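Sharing a structure with you now.
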Amino acid sequence: MVLPVILGAAAVGAGAFGLKQGLDANSSNSSAKKIQGEAQAALETAERELQNARQTTGATLEKLGQLKLRVWHSHLGRFVTLYSKLKGVELSGGAGLGSKDPLEFGSNDLLEMKDLSLKAGEVIVGGAGAAGAGALAGMASYGGAMMFGTASTGTAIGSLTGAAATNATLAWFGGGSLAAGGLGMAGGMAVLGGIVAGPVLAVGGIAMAAKAQKNLAEALSYEAEVEKTVEEMEKAIAVLRAIDKTAALFDKVIRRLSESMASVLNELEDIIISAGNNYDAYNSSQKSVVYLSVQFAGVLKQLLETPILTPEGALDKTCTNTLQQGVFLLEPA
């Protein structure tokens, strides 16, 4: 009778042990599913925020690119037309402006303004929108000769030149095209986040979701991978927001400068009509208008040409120096 009792007790013990194992397994599976679900939700939230930041910044850059084209064509083009009519103005050093502070403005600057103004006009006539968001972002990010290159037509903006042609960040703004930027969307995020190698960004870690449900260890591993991915995405979002803020500041200053310059050019045109084009015959007030038009043109030219991004696609923090020159010119004397 002892043996059956022992066997019965063993069976009860084994059953209890099996029940505990089953409960532990259920607990582990439940924990694994919870961890995996929370990690997945965090990843999807970060992806949405990154996409929103990308779209917002891309729209800001596109707007700035369009503004740069218009200012190149209209304001600087008009300046070149009016200034070229003047006679007797020294196009170097202080530009013959007497006691005024000297300007770094010479005949080469005038020729470059004329050339880029014509090219910008060709792009506008051809339809700037047809160039695509990535190309307009390139115009905003670089502008000037780096965008137009040596092409004689506005088609250069469609294919991009220089750093803009290989910039993965610009490709990302333009829709992630591999053809446009060489590295596409994953490369754009890699540049923005300062990531050396981040394949998890390309796949978003989604492929690991099914495995994460198998057991707690894999769920914890997945959670760690997601945390790393989200951290890199947050870096990219921070860079995007900084680019967006800088581009918005350039847009604001360029708009205000171009509006003020339009008034000065109206004055210059009136002077040429009423007093002729001989600069030497102008009075001090009239010469001041010429000086001011040159000053506006020079600062605007710098703002239009100053890169916002480095050739690698990161924010160029030195661009704020040029921005300050524009702000200074707008300040009342």
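Give the number of residues within the stretch 283-313 that are farther than 15 Å from Gly138 by Cβ and not polar (S, T, N, Q).
13
Taking the condition assigned to a helix (DSSP H, G or I), under 30 Å from Ala135 (Cα atoms) and among the acidic types (Asp, Glu), does Glu223 pass?
no
Suppose we keep only residues that are in contact (Cβ under 8 Å) with a residue 40 or more places away in the chain and closer than 15 Å to Arg78 by Cα within the stretch 265-286. Which one would you say is farthest from the chain's Cα centre (by Cα)?
Ile272
Right, next: For the stretch 305-319, how many residues are over 14 Å from the mean Cα position of the chain (by Cα) and in a helix (DSSP H, G or I)?
1
When residues of the stretch 220-264 are filtered for being of a type in the set (S, T, N, Q) and more than 30 Å from Arg78 (Cα to Cα), how many remain?
2
Can you list residue pairs whose Cβ atoms sit under 7 Å apart, with the first residue in the stretch 315-326 being among the β-branched types (Val, Ile, Thr) and the second being surrounded by 15 or more Cβ atoms within 10 Å (Cβ to Cβ)? Count only pairs 6 or more apart in sequence or on different chains.
Listed by first residue and then by second, the contacts come to Thr322/Gln302; Thr322/Leu303; Thr322/Thr306.
Let me ask you something else. Can you find even one residue in the stretch 80-100 that is surrounded by 17 or more Cβ atoms within 10 Å (Cβ to Cβ), part of a loop (DSSP other than H, G, I, E, B), of a type outside the set (Gly, Ala, Ser) and modelled with pLDDT of 80 or more?
Yes, the stretch 80-100 has at least one match.
Residues checked against (1) of a type in the set (S, T, N, Q); (2) at pLDDT 85 or above; (3) surrounded by fewer than 15 Cβ atoms within 10 Å (Cβ to Cβ):
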site: Phe17; (1), (2), (3): no, no, yes
site: Ser27; (1), (2), (3): yes, no, yes
site: Ala32; (1), (2), (3): no, no, no
site: Arg48; (1), (2), (3): no, yes, yes
site: Thr60; (1), (2), (3): yes, yes, no
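Going by what's in this entry, would Gln36 be described as buried (at least 17 other Cβ atoms within 10 Å of the Cβ) and at pLDDT below 90?
Yes: the conditions hold for Gln36.
The values are calculated or read from the model by the stated rules, or taken from the named source; none is laboratory data. Treat the numbers as computed from the prediction; the structure is a model and nothing was measured. Glycine also receives a Cβ, built like all others from the backbone with ideal geometry; neighbour counts cover every protein chain displayed.
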